[in-house]
Amino acid sequence: MHPSPLPPQLNRLPFTVAGGERAGIQRARMRALDLDRSIWGVRHPDPGDKSLETRCAMFALRMPGEALFSHATSALLFRAPLPFAIEGDSRLHIAVSAHARAPHATGILGHSLDLSPEDVVESNGLRHTSAARTWCDLAAHLSLLDLVAVGDYLIQWRLQFATQMELAACASRLAGRRGAKRMRESLPLLNDRSESRPESWLRVIIVRAGLPTPSINHAIVDAETGKGYRTDIAFSKHKVLLEYQGDYHRDQRQWRKDMTRRARLEANGWIVMEINADDVRKPVELAERIRTALRSRGWRG
């Protein structure tokens, strides 16, 4: 026997049990398996929808009016790149003003924050911390490389959820908080042209190793074919390229394309250094390999 249909106004969005009763839904109907009942007192008509936005929308129905999503949850609402361990943590970060007690419940991590009006934004009906405040709150929990990667994403010129000046202003306001030192270290390393997390990592490793400042997303034209290439990181004066090879490069077709691309670049006099995640985990060794390649092309640093 199929469950009776829900009222039209409740068949797409989450609703509270109390709201369902007011709409005429029987208690027994709200215990049916075709509804998501993972959050106490809340139902969702699609139990297969496990998206972050849906979980936040369900929890929002239980949150006090001043509460909002923060930290990693807010970062993920911006689609910011975070370490796998943080992305995989299903708990939601919920914050209230500093004068209120941090919320505690299964499935959430509560915070009390001293919030200014500019720290609060709303997107898709969900209240959460602004891009600048989110970045600052993450400083106590992320490595330097990952904090720069998040900052690069938030200020990226195509999206620009915040400007570098806004991040700096928020960091200045929170100068006495945990993570303040990492904010200060990260700010001068940010770049609004970076287009990926590994690209940000590589740039930080290069700068901190005292290597020359590279070009990001450098354009190269093959003199023979006229074909254009857009590279990750280039030391154009010394004709040394760094290309990050993510897992998608394992695809056979992509692997063949990469081989041809590399051969053409090398034929045009470039040294192409292919780098993967394991290399980034050994920054000193990686920096030394880059230094050796640059010195082979006449750099004297």
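The values are calculated or read from the model by the stated rules, or taken from the named source; none is laboratory data. On a predicted model such as this, the values are computed, not experimentally measured, just so you know. Cβ: placed from backbone, ideal geometry, glycine included. Neighbour counts: every protein chain shown.
Quick notes on this structure:
- Residue check for Ile39: assigned to a strand (DSSP E or B) and within 30 Å of Arg22 (Cβ to Cβ): no
- Test for Glu166: is it assigned to a helix (DSSP H, G or I), charged (D, E, K, R) and surrounded by fewer than 23 Cβ atoms within 10 Å (Cβ to Cβ): yes
- Count - residues of the range 152-163 that are surrounded by 23 or more Cβ atoms within 10 Å (Cβ to Cβ) and either touching a His at 6+ places or on another chain (Cβ under 8 Å) or touching a residue at least 40 places away in the same chain (Cβ under 8 Å) (or both): 3
- Filter result for Leu82 (of a type in the set (A, V, I, L, M), surrounded by 13 or more Cβ atoms within 10 Å (Cβ to Cβ) and touching a Ser or Thr at 6+ places or on another chain (Cβ under 8 Å)): no
- Screening the candidates Leu145, Leu154, Leu159, Leu167 for the property of being under 20 Å from Leu77 (Cβ atoms), modelled with pLDDT of 95 or more and within 13 Å of the chain's Cα centre (by Cα) yields one hit, Leu154.
- Residues that are over 30 Å from Ala32 (Cβ atoms), touching a residue at least 60 places away in the same chain (Cβ under 8 Å) and aliphatic (A, V, I, L, M) do not occur anywhere in the range 56-63.
- Here is the figure for the range 99-113: residues that are touching a residue at least 12 places away in the same chain (Cβ under 8 Å) and touching a Gly at 6+ places or on another chain (Cβ under 8 Å) total 1.
- Qualifying residue in the range 74-84 (condition: part of a loop (DSSP other than H, G, I, E, B), polar (S, T, N, Q) and within 23 Å of Gly110 (Cα to Cα)): no
- Of Gly125, Gly179, Gly110, all but one fail to be at positive phi and surrounded by 14 or more Cβ atoms within 10 Å (Cβ to Cβ); the exception is Gly179.
- Test: residue in the range 247-270 that is modelled with pLDDT of 90 or more, of a type outside the set (Lys, Arg) and surrounded by fewer than 19 Cβ atoms within 10 Å (Cβ to Cβ): yes
- If you check Leu126, Leu159, Leu154, Leu167 for being in contact with a helix residue (DSSP H, G or I) (Cβ under 9 Å, 6 or more places away or on another chain) and over 26 Å from Ala57 (Cβ atoms), only one passes: Leu167.
- Some residue of the range 217-227 being touching a Leu at 6+ places or on another chain (Cβ under 9 Å) and at pLDDT 75 or above: no
- Qualifying residue in the range 63-73 (condition: assigned to a strand (DSSP E or B), among the aliphatic types (A, V, I, L, M) and within 19 Å of the chain's Cα centre (by Cα)): yes
- Those residues of the range 114-151 which are in contact with a Lys or Arg (Cβ under 7 Å, 6 or more places away or on another chain), part of a helix (DSSP H, G or I) and free of Cβ contacts under 8 Å to residues at least 60 places away in the same chain, in sequence order: Asp119, Leu147
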